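The values are calculated or read from the model by the stated rules, or taken from the named source; none is laboratory data. Quantities reported herein were computed from a predicted structural model and do not represent experimental measurements. Reconstructed Cβ throughout: ideal geometry from the backbone, glycine too, with neighbour counts over all protein chains shown.
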Amino acid sequence: MAKVCLCFHVHQPIRLSRFSYFGIGNGDAANLDARYFDSGMNQHYFNKAADQCYLPTNRILQNLLDENRGKFRFSLSITGTLLAQAQKYRPEVVESFRNLCATGRVDVLDETFYHSLSSLYSDLSEFEAQVRMHNHLVRDLLGVSPQSFRNTEAIYSDRIAQAVEGLGYKAIITEGVDRILGWRSPNYVYRPAGCKDIRLLMRNYKLSDDVGFRFSAKSWKEWPLTADKYATWLSATPGQVINLFMDYETFGEHHWKDTGILDFLSHLPSQAHRHNNLSFATVTEAAASFEPSDTLSVPSEISWADAERNTSTWLGNRIQRACFSELESLLPKLRKANDAQLWEAYRRLQTSDHLMYLSTKGMSDREVHNYFSPYKDSGPYDNFISFMNIISDFKNQVDCKIANAPAAQSANAGAESGEIEKKKR
Amino acid sequence: MLGWEFPPFVSGGLGTHCFELTRALSALGVEIDFFMPKTSYEIRQPWLNIYQADWNLLKPGEMQLDVLPTTYSGYGGASTQLQFNAKRLAALSKSPGQSKSYDMGFFEAVGVYNHIAALLVEKKHRERPYDVVHVHDWISAKAGILVSKKTGLPLVSTVHSTEYDRTADLWPFGWILGVEKDMVRNSDQVITVSGRSAKLLFDKFGAGKGKVNVVYNAIDASKFPTHKEPMLDSNGRKAKVVLYHGRLSVQKGVEFFLKAAQKVLSRDRSVKFLISGKGDLLPRLVELSFDLGISDNVMFLGYVSDDQLKRVLCTSDVLVLPSVSEPFGIVALESMASGTPTIVSKTSGVGERVKNCIKVDFWDTDEMASKILSILAYEPLFEEMRQNSIVEARGITWGDVAMQTVGVYKKAIWTRAASSAALAMI
């Protein structure tokens, strides 16, 4: 009996404004939200996604949960930046996610609030802070307490698994990367190297991408893909867990409604239940159902992105690495300045999407990146200039704050804030 | 093929284009007779036959002097480059059959060249038949049209630029526009060097979509050194250098470059701006650099040869092509080949071809200045653009251009054959 483990990843970044070199100021800006982030653009994209995907797909999932009386279960990983924007622009989206969770059959995974790359910093305390922020938000808004973890874009390594175990999570998910699995199948539960209890689920990229990428491709020999056919494939898949992890925007945004993607989803549970070797499980349930079949060691980071399945999507070139290390190196200053508004802006700047828009990879990947980039008319260099100008301006804001705080007080405040930060976690 | 110039005898990009194109075509097995105006030099290359249109190549009976065009002398925007060409053509006036007092104006020179070239091509065609006649720009169009009409040979024309581009659409010269329209109408296939140029042919010349082909220019990147030779200021520190290279004319948007320079200098007083090239706008630009208060930081280099350009690029940190209207803009490829980060206006055709440059609106001098400052300020950006530019330029080869050009030749031959077959059936 194989568990079908669906996990939908729901995310929207808080997009940046275009920022000129001449905009770099000396640090006396009052409102950093308006200065760095394009609320008009963010609202536009959020509304679009809410109307095309979140609301209609949530409705379908709610019906499926109600109709299938406990037999249909799945997981969600929802970023903090998405929930924060939902609260601001479309509270009914938060409400509908909350209703899904209220059935008790939906598992929400934790991650970094800001969909950041903080798991790659040499000091992991910022990563841990962002995970705790996410945990608080999910408990407050959705009324559930996450037990499992999914890092930004499934970025994973032994080091990250160990840190996540240290935070008390029972399971972590990542990509079923061939070079890691070797002869092994992604359809089993694994144990991360150097960990005691936490379990690892690996994405079945073939079956996940059949839905996520290929569903509407008319040149694909399996097109059109029906729920019936797909359930037959699932049933014929050997192993214990079939991990189908995909972007939530697959339903209605990446594939438009008229491709039949929403009908596919509506019929998937009933078609799967026609096979008596299939049942649905959340990530937490699936991980707990089976003993780990082997230990997997992942010394350097993998992810689910691009053909390389590593971090090159965000850190593949000089301009990406420059922004990343500028941001990482600002951390001590942020602690010193200890200002709520600076922290919030700082963390929003860490969202990985900003780095993805700077990718200069070859054509096939570039197309994917361009598809997601909100800055249609501009390339990676323009995006870098705007982003680096913002970072430069932000540094000035931080320096200004530190300089303006009376020395003694600032030292005290720094110590206190450190404590508050710790308590928050 | 009919052109206007050929290395080492060049004043603009047309000569280099014909040099590289014919060499690459010949590598594909295309045999080329190349016709150009008479110069006082002998020009030879192993991959083609070059004929300099000269009365001496024709017998007295073949000259047909009565069809010479009437005199045009009122070309208001005539650039020094064209005048320079005219001087060169004066050699023609010493040919037999012409009185000594014949004052050869530029347009007459073009007319005479086209006249002689047409007769020569026809004569050569009778000796050994051609498959296609290929002309470049209006300047050799008349001859191509004439030959094509007389012999029935398919005509291919390359539009490197139009009168609308050269005058920034401000005072297009009607007679040249007429020749250009004539050329497009009479060509079996037309080649443009960018999509925006093709669009102009559709919109303004009413060209049929079936006969316009976009074939972008290319670059022999191996000719460009990629190292950097820092220019040192008076204190021995490396100066940051921003380069403009091209004709100094309205079309090229050099004034916007200077206005952006002023804005850059408002943030960073140490930046140097080089303006290389000559043109009728020079006095106005010098004046403008004084008016803007930036004359200390702007250097006018005057005419810079191809070889000198390679060295100037080595000392430059950014090249800007701010053209108001640019069919292609090959200097951007040269800059990229040399590993110099490149900014081009959105109204430049080259921007359609390359990915690793930054595109701005020519009028948005704030944005232009912001991008210049950013490239100068952020080392990782400079280095990333530099490396990617070099790699991309290496992939933009004349071999590809020749392959596409042969495709256009074939199309021209087929359409001509198909239409004569259709005619025969009637």
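Name the pairs: first residue in segment A:83-108 and not assigned by TED's automatic domain parsing to the domain that holds A:Ser39, second residue assigned to a loop (DSSP other than H, G, I, E, B) and modelled with pLDDT under 95, Cβ to Cβ under 8 Å, at least 6 apart or on different chains?
That search, which allows pairs on different chains as well, returns nothing.
Regarding A:Glu291, is this residue among the acidic types (Asp, Glu), more than 14 Å from every other protein chain (Cβ to nearest Cβ), out of contact with any Ser or Thr (no Cβ under 9 Å at 6 or more places or on another chain) and without any contact (Cβ under 8 Å) to a residue 60 or more places away in the chain?
No: the conditions fail for A:Glu291.
Looking for whichever is under 25 Å from A:His275 (Cα atoms) and over 20 Å from the mean Cα position of the chain (by Cα) here; the options are A:Asn31, A:Asn68. Which one fits? If you could, list the steps in order and put the result at the bottom.
Details: A:Asn31 fails: under 25 Å from A:His275 (Cα atoms).
Result: A:Asn68 is the single residue among A:Asn31, A:Asn68 that is under 25 Å from A:His275 (Cα atoms) and over 20 Å from the mean Cα position of the chain (by Cα).
It is to be established whether one or more residues within segment B:360-371 are within 15 Å of B:Lys252 (Cα to Cα) and without any contact (Cβ under 8 Å) to a residue 12 or more places away in the chain.
Within segment B:360-371, one or more residues are within 15 Å of B:Lys252 (Cα to Cα) and without any contact (Cβ under 8 Å) to a residue 12 or more places away in the chain.
Quick check: anything in segment B:319-326 surrounded by 20 or more Cβ atoms within 10 Å (Cβ to Cβ) and among the small types (Gly, Ala, Ser)? Steps first, answer last, please.
Here is the first cut: in segment B:319-326, the residues surrounded by 20 or more Cβ atoms within 10 Å (Cβ to Cβ) are B:319-326.
Then drop every residue that is not among the small types (Gly, Ala, Ser), which leaves B:323, B:325.
The answer is yes; a qualifying residue exists.
Among the residues that make up segment A:83-101, is at least one of them more than 22 Å from the chain's Cα centre (by Cα) and surrounded by fewer than 13 Cβ atoms within 10 Å (Cβ to Cβ)?
No: segment A:83-101 contains no residue that is more than 22 Å from the chain's Cα centre (by Cα) and surrounded by fewer than 13 Cβ atoms within 10 Å (Cβ to Cβ).
Does A:Ala307 satisfy the criteria of being outside the structural domain of A:Tyr190 (by TED's automatic domain parsing) and more than 21 Å from A:Asn383 (Cα to Cα)?
Working: outside the structural domain of A:Tyr190 (by TED's automatic domain parsing): yes; more than 21 Å from A:Asn383 (Cα to Cα): yes.
Yes.
Hey, among A:Val164, A:Val211, which residue is under 21 Å from A:Ser289 (Cα atoms) and part of a helix (DSSP H, G or I)?
A:Val164
Restricting attention to segment B:101-144, which residues are of a type in the set (Lys, Arg) and either within 23 Å of the chain's Cα centre (by Cα) or assigned to a strand (DSSP E or B) (or both)?
Matches in segment B:101-144: B:Lys142 only.
Would you check if B:Phe84 is at pLDDT 90 or above and either out of contact with any Ser or Thr (no Cβ under 7 Å at 6 or more places or on another chain) or not small (Gly, Ala, Ser) (or both)?
Spelling it out, it is not the case that B:Phe84 is at pLDDT 90 or above and either out of contact with any Ser or Thr (no Cβ under 7 Å at 6 or more places or on another chain) or not small (Gly, Ala, Ser) (or both).
Output the residue which, of all residues in segment B:270-284 that are modelled with pLDDT of 95 or more and surrounded by fewer than 19 Cβ atoms within 10 Å (Cβ to Cβ), is nearest to the other protein chains (Cβ to nearest Cβ).
B:Arg284
Every residue in segment A:315-359 that is part of a loop (DSSP other than H, G, I, E, B), within 14 Å of chain B (Cβ to nearest Cβ) and surrounded by fewer than 23 Cβ atoms within 10 Å (Cβ to Cβ), please.
Passing the criteria: A:Gly316, A:Asn317.
Out of the residues in segment B:16-48 meeting the condition of being surrounded by fewer than 20 Cβ atoms within 10 Å (Cβ to Cβ), modelled with pLDDT under 95 and in contact with a strand residue (DSSP E or B) (Cβ under 7 Å, 6 or more places away or on another chain), tell me which one is farthest from B:Leu153 (Cα to Cα).
Only one residue tops the list, namely B:Tyr41.
Scanning segment A:378-397 for residues that are of a type in the set (D, E, K, R) and more than 10 Å from chain B (Cβ to nearest Cβ), which turns out surrounded by the most Cβ atoms within 10 Å (Cβ to Cβ)?
Taking the candidates together, the pick is A:Asp393.
Okay, residues lined up against (1) in the same structural domain as A:Ile261 (by TED's automatic domain parsing); (2) surrounded by 22 or more Cβ atoms within 10 Å (Cβ to Cβ); (3) of a type outside the set (Lys, Arg):
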residue	(1), (2), (3)
A:Arg132	yes, no, no
A:Ser148	yes, yes, yes
A:Ile172	yes, yes, yes
A:Glu175	yes, yes, yes
A:Asp197	yes, no, yes
A:Phe215	yes, yes, yes
A:Trp220	yes, no, yes
A:Ser235	yes, no, yes
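Could you please let me know if B:Glu384 is buried (at least 24 other Cβ atoms within 10 Å of the Cβ) and without any contact (Cβ under 8 Å) to a residue 40 or more places away in the chain?
In short, yes.
Are any residues in segment A:327-364 in contact with a helix residue (DSSP H, G or I) (Cβ under 7 Å, 6 or more places away or on another chain), more than 22 Å from A:Ala403 (Cβ to Cβ) and small (Gly, Ala, Ser), and if so, which ones?
Across segment A:327-364, the qualifying residues are A:Ser352, A:Ser359.
Taking helices (runs of 4 or more DSSP H) that do not extend beyond segment B:350-419, which have at least 2 residues that are at the interface with another protein chain (Cβ under 10 Å from one of its Cβ atoms), at pLDDT 95 or above and touching a Pro at 6+ places or on another chain (Cβ under 8 Å)?
Numbers: elements: B:350-353, B:365-377, B:379-394.
By residue number, B:379-394.
Name the strands (runs of 3 or more DSSP E) wholly inside segment B:176-276 in which the number of residues that are within 21 Å of the chain's Cα centre (by Cα) and closer than 25 Å to B:Val147 by Cα is 3 or more. Break it down into steps so the answer makes sense when it comes.
Working: elements: B:189-192, B:212-214, B:241-245, B:272-276.
The strands (runs of 3 or more DSSP E) meeting that bar are B:189-192, B:212-214.
Does A:Gly80 satisfy the condition of being within 14 Å of chain B (Cβ to nearest Cβ) and of a type outside the set (D, E, K, R)?
no
Any residue in segment B:169-179 that is loosely packed, with under 14 Cβ neighbours inside 10 Å, away from chain A (no Cβ under 14 Å) and under 19 Å from B:Ser348 (Cβ atoms)?
Yes, some residue in segment B:169-179 is loosely packed, with under 14 Cβ neighbours inside 10 Å, away from chain A (no Cβ under 14 Å) and under 19 Å from B:Ser348 (Cβ atoms).
Looking only at segment A:1-28, filter to residues that are over 20 Å from the mean Cα position of the chain (by Cα) and more than 14 Å from chain B (Cβ to nearest Cβ); which one of those is farthest from A:Tyr188 (Cα to Cα)? Let's see the steps before the verdict.
As a first pass, look at segment A:1-28 and keep what is over 20 Å from the mean Cα position of the chain (by Cα): A:1-4, A:17-28.
Subsequent filtering for residues that are more than 14 Å from chain B (Cβ to nearest Cβ) retains A:1-4, A:27-28.
Values: A:Met1: 12, A:Ala2: 10, A:Lys3: 10, A:Val4: 12, A:Gly27: 53, A:Asp28: 55 Å.
The selected residue is A:Asp28.
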